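K.L.:
Quick one: this structure, given as structure tokens, is what I'll be asking you about.
The values are calculated or read from the model by the stated rules, or taken from the named source; none is laboratory data. Keep in mind that what you see is a predicted model, and the values were worked out from it rather than measured. Here the Cβ positions follow ideal geometry from the backbone for every residue, glycine too, while neighbour counts run over all protein chains shown.
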Amino acid sequence: MGILTESYCDCLTKDGTLWNNSATVNANLPTTPMTLDSLQPGEIATIVAIHTDEALHQRLLAMGFRAGKQIELIRKASFSGPLQVRIGTTDILLRRAEAAKISVQR
């Protein structure tokens, strides 16, 4: 049932959406890990895992990339350019190939 708790079950419609007075909200939000490069600008996610070689892994750890930390995608450069991400108050530019090795969850 997605991320909803049992107390919200009585508010679900037949198609699995959450009902409220102003609008309906999709209750089937993705909970499977995705990669950092698949986020859209403005989206915030939580780092789940980093799947890189040891040298790059240590470098990312030194910059604050740790499992459980929130990360925000600020912008994507055009023509497969780098991604600007924010962890806390630090902005970092990452190659898309490196971002593809970082698993996140919304």
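K.L.:
When only residues in the range 62-106 that are in a loop (DSSP other than H, G, I, E, B) and among the hydrophobic types (A, V, I, L, M, F, W, C) count, which is nearest to Ser38 (Cα to Cα)? Reasoning before the result, please.
P.N.:
Applying the first criterion (in a loop (DSSP other than H, G, I, E, B)) to the range 62-106 yields 63-69, 77-82, 88-89, 95, 100-101, 106.
Next, only the ones that are among the hydrophobic types (A, V, I, L, M, F, W, C) stay: 63, 65, 67, 77, 79, 100.
Values: Met63: 21, Phe65: 17, Ala67: 18, Ala77: 13, Phe79: 15, Ala100: 8 Å.
Only one residue fits best here, namely Ala100.
K.L.:
Moving on. Output the residues belonging to the range 86-100 that are in contact (Cβ under 8 Å) with a residue 12 or more places away in the chain and either under 12 Å from Val48 (Cβ atoms) or among the aliphatic types (A, V, I, L, M) (or both).
P.N.:
Quick first cut of the range 86-100, residues in contact (Cβ under 8 Å) with a residue 12 or more places away in the chain only: 86-88, 90-92, 94-96, 98-100.
Result: Ile87, Ile92, Leu94, Ala99, Ala100.
K.L.:
Determine the pairs where a residue that is in contact (Cβ under 8 Å) with a residue 40 or more places away in the chain, located within the range 42-68, has a partner that is surrounded by 11 or more Cβ atoms within 10 Å (Cβ to Cβ) and among the acidic types (Asp, Glu) with Cβ atoms under 7 Å apart, the partner being 6 or more residues away or on another chain.
P.N.:
Close Cβ pairs (under 7 Å, with a partner that is surrounded by 11 or more Cβ atoms within 10 Å (Cβ to Cβ) and among the acidic types (Asp, Glu)) amount to Ile44/Glu72; Leu56/Glu98.
K.L.:
Is it the case that some residue within the range 55-62 is basic (Lys, Arg) and either outside the structural domain of Ala100 (by TED's automatic domain parsing) or under 13 Å from Ile102 (Cβ atoms) (or both)? Before the answer, list the steps.
P.N.:
As a first pass, look at the range 55-62 and keep what is basic (Lys, Arg): 59.
Pick out the ones that are also either outside the structural domain of Ala100 (by TED's automatic domain parsing) or under 13 Å from Ile102 (Cβ atoms) (or both) and you get 59.
Within the range 55-62 (the criterion being basic (Lys, Arg) and either outside the structural domain of Ala100 (by TED's automatic domain parsing) or under 13 Å from Ile102 (Cβ atoms) (or both)), the answer is yes, since at least one residue qualifies.
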